[in-house]
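Structure, as structure tokens:
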Amino acid sequence: MSLELRSREELVAFLRDLHRDFRERGHEWENNNLEDSLEALAAWVHDSPGAYRNVGEQIPPDGDSAFLARALHAATIYE
């Protein structure tokens, strides 16, 4: 799965691939339930400057956190 996403369509494809991977191998994931996944997501976002630093990259200054927040919230109610 590539993390170099350049469009909304590529994000959709990434999310569908991630979902497929969960259906096939979710039992192997470290965080294989919603509670653990959301906690891990919050922890990673908090620690992300260090994660980027560890691989010699800068955290993107123009990331759209509002879009991500809206998408995650929508997933709680969208059919």
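The values are calculated or read from the model by the stated rules, or taken from the named source; none is laboratory data. Just so we're clear, the structure is a prediction, and the values are computed from it rather than from any experiment. Positions of Cβ are generated from backbone atoms using ideal geometry, with glycine treated the same way; all protein chains shown enter the neighbour counts. Areas reflect the complete protein model, heavy atoms only, side chains present, ligands, DNA and RNA absent. Shrake-Rupley method; radii C 1.70, N 1.55, O 1.52, S 1.80 Å.
Tabulated data
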| read-out | value |
| --- | --- |
| Selection of GluC sites (Glu not before Pro), segment 5-56, meeting DSSP coil and at most 14 other Cβ within 10 Å | GLU30 |
| Carbon and sulfur %, accessible surface of the chain computed with the full protein complex present, 1.4 Å | 55 percent |
| Nearest 10 degrees, 0 to 90: helix 8-25 Cα axis against the chain principal axis | 50 degrees |
| ARG20 accessible area, 1.4 Å probe, all protein chains in place, Å² to nearest 10 | 100 Å² |
| Probe 1.4 Å, accessible area per residue of the chain, Å² | 91 Å² |
| Between 0 and 90°, nearest 10: helix 34-54 axis offset from the chain longest Cα axis | 20 degrees |
| Crossing angle, helix 65-74 versus the chain [Cα axis fit, 0-90 degrees, rounded to tens] | 10 degrees |
| Label-point separation, ASN54 to LEU15 (7 Å along Cα→Cβ), nm | 2.6 nm |
| Descending semi-axes in whole angstrom, ellipsoid equivalent of segment 1-78, from the Cα gyration tensor | 21, 17, 15 |
